[in-house]
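Working notes for the structure below.
The values are calculated or read from the model by the stated rules, or taken from the named source; none is laboratory data. Values in this document were obtained by computation on a predicted structure and should not be read as measured data. Don't worry about glycine lacking a Cβ; one is built from the backbone with ideal geometry, like all the others, and counts go over all protein chains shown. Accessible surface is based on the protein model in full, side chains and every heavy atom, while ligands, DNA and RNA are left aside. Shrake-Rupley method; radii C 1.70, N 1.55, O 1.52, S 1.80 Å.
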Amino acid sequence: MATAVAPVTFTEFAALPERPGKQELILGEVIAVPPAKLFHMDLVHRIHESLRLLLSASDRRPADAYIETGYQIGSDPGSWLVPDASVRYPDHRRGDYLEGAPMLAVEVVFESNTAEQLDRKIALYLEHGAQEVWAVYASTRSLWQYRNDATARRHTAAFESALFPGRPFPLESIWE
């Protein structure tokens, strides 16, 4: 018989010892995933570089693109999500951590990700202010774009995002 585990607060989560891999807090539940494989990180770096190029060509206020940077989302038990790549808002609230959801969260999906965890993370990002969440599937060379207007669309080639008007995201180039 399974035993119920009490939710972990953000304060308790922040005090946990560091371990190899990535740890996240999803509504009080600690989720640990193994260290990312090299192919995964190569893909994340190519996505990050593409985002940086789109941001540098933007007429908007500058925002930063990050790799595996944590965002404290919601109150206790709260959540601590670490998207593979992200773009923060130009005026993102900062304390010891970035507070609130990123403007764009990118999750590269591999076998260590469960559908339930991914679904919960996408919902949390969007409920807490993300404009878009991208779920990238290397196995099918596709990307699902979830928007805060409750639309979702699958892409297999370059596509436009409202975050980068007039500048398509070069999806094909991240597979190289």
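For segment 8-52, with equal point scatterers placed on the C-alpha atoms only and solvent neglected, what are the log10 I(q)/I(0) values from the Debye formula at q = 0.17, 0.20, 0.29, 0.33 1/Å, to two decimals?
Log10 I(q)/I(0), no solvent term: -0.64, -0.75, -0.95, -1.10.
Only four residue types carry charge here, +1 at the Cβ of Lys and Arg and -1 at the Cβ of Asp and Glu. Report the dipole size of the chain about the Cα centre in Debye, rounded to the nearest 20.
Details: 17 positive and 24 negative charges, 74 e Å.
That gives the chain a dipole magnitude of about 360 debye.
Which value, in Å², gives the accessible area per residue of segment 55-176 when a 1.4 Å probe is used on the protein heavy atoms?
With the other protein chains kept in place, segment 55-176 gives 48 Å² per residue.
How high is the FRET efficiency from ALA57 to ALA138, r the C-beta distance, R0 30 Å, rounded to 0.05? Please report the intermediate quantities before stating the final value.
On the way: r = 26 Å, r/R0 = 0.86.
The formula returns an efficiency of 0.70 here.
Between rounded, prolate and oblate, where does segment 116-176 land on the alpha carbon gyration tensor, with a ≥ b ≥ c its root eigenvalues, rounded for a/c under 1.5, else prolate if a/b exceeds b/c?
Oblate.
With springs only between Cα atoms under 10 Å apart, run a GNM on the chain and tell me which of LEU81, LEU38, LEU104 wobbles the most.
For the chain, modelled as a Gaussian network with Cα springs under 10 Å, the answer is LEU38.
Just to confirm the filter: which GluC sites (Glu not before Pro) across segment 54-160 are DSSP coil and have at most 13 other Cβ within 10 angstrom of their Cβ? Provide the component values of the computation, followed by the final result.
On the way: sites: GLU68, GLU99, GLU107, GLU111, GLU116, GLU127, GLU132, GLU160; in loops: GLU68, GLU111, GLU160.
Here the sparse-neighbourhood loop sites are GLU111, GLU160.
Of all accessible surface on the chain at a 1.4 Å probe, what whole percent is carbon and sulfur?
The value for the chain is 53 percent carbon and sulfur by accessible area.
Pulled fully out, how much extra length does the chain show between SER112 and ASP91, if you take 0.36 nm times their separation in residues and subtract their Cα-Cα distance? Could the numbers behind the result be given before it?
Numbers: separation 21, 0.36 × 21 = 7.56 nm, distance 3.29 nm.
Gain on stretching SER112 to ASP91: 4.3 nm.
Give the Kirkwood hydrodynamic radius (Å, one decimal) of the chain, defined as one over the mean of 1/r across all pairs of different Cα atoms.
Taking every pair of different Cα atoms in the chain, averaging 1/r and inverting gives 16.7 Å.
Considering all alpha-carbon pairs of segment 45-96, what whole percent are spaced by more than 19 angstrom? Could you put the intermediate results ahead of the total?
Values: 438 of 1326 pairs.
The answer is 33 percent, as a whole percent.
Could you work out the helix-only [θ] at 222 nm for the chain, with each DSSP H run of four or more residues adding -39,500 (n - 2.57) and the total divided by the number of residues, to the nearest 500 deg cm²/dmol?
-6500 deg cm²/dmol
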